[in-house]
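Student: Just passing along the structure, written as structure tokens.
The values are calculated or read from the model by the stated rules, or taken from the named source; none is laboratory data. Nothing here was measured: the structure is a model prediction, and the numbers come from that model. Here the Cβ positions follow ideal geometry from the backbone for every residue, glycine too, while neighbour counts run over all protein chains shown.
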């Protein structure tokens, strides 16, 4: 599976949340609302999630293995840095 498009939507009203990303895979599947979050010394990608009954957040979509997670993170952060 290859990322074929990434759109970055920056937000300026929070210190931790920097932007939202929309990612298109293989030109046939789109995932909205991946978050680019500042942890102080680095940026991380948070998967889309929803609030469940017990007050916790549960990922709606997530990579199955660490290699694919690294690929997604690298490409989203690259796109984010290019929009700066």
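Student: Within the group 13, 26, 41, which residue is exposed (fewer than 10 other Cβ atoms within 10 Å of the Cβ) and at pLDDT 95 or above?
Tutor: Numbers: 13 fails: at pLDDT 95 or above; 41 fails: at pLDDT 95 or above.
Selected residue: 26, the only one of 13, 26, 41 that is exposed (fewer than 10 other Cβ atoms within 10 Å of the Cβ) and at pLDDT 95 or above.
Student: Here is a follow-up. Which of the numbered conditions does residue 61 fail, given that it passes all the others? Conditions: (1) within 23 Å of residue 83 (Cα to Cα); (2) under 11 Å from the mean Cα position of the chain (by Cα).
Tutor: If we test residue 61 against (1) within 23 Å of residue 83 (Cα to Cα); (2) under 11 Å from the mean Cα position of the chain (by Cα), just (1) comes out false.
Student: For region 16-43, give me each residue that is outside any strand (DSSP E or B) and touching a strand residue (DSSP E or B) at 6+ places or on another chain (Cβ under 7 Å). Full working, then the answer.
Tutor: Going residue by residue through region 16-43, those that are outside any strand (DSSP E or B) are 16, 26-28, 39-42.
Residues satisfying the conditions are 16, 26, 27.
Student: Turning to a different aspect of this structure: On the basis of being free of Cβ contacts under 8 Å to residues at least 40 places away in the same chain and more than 17 Å from residue 63 (Cα to Cα), does residue 29 make the cut?
Tutor: Details: free of Cβ contacts under 8 Å to residues at least 40 places away in the same chain: yes; more than 17 Å from residue 63 (Cα to Cα): no.
So residue 29 fails the test.
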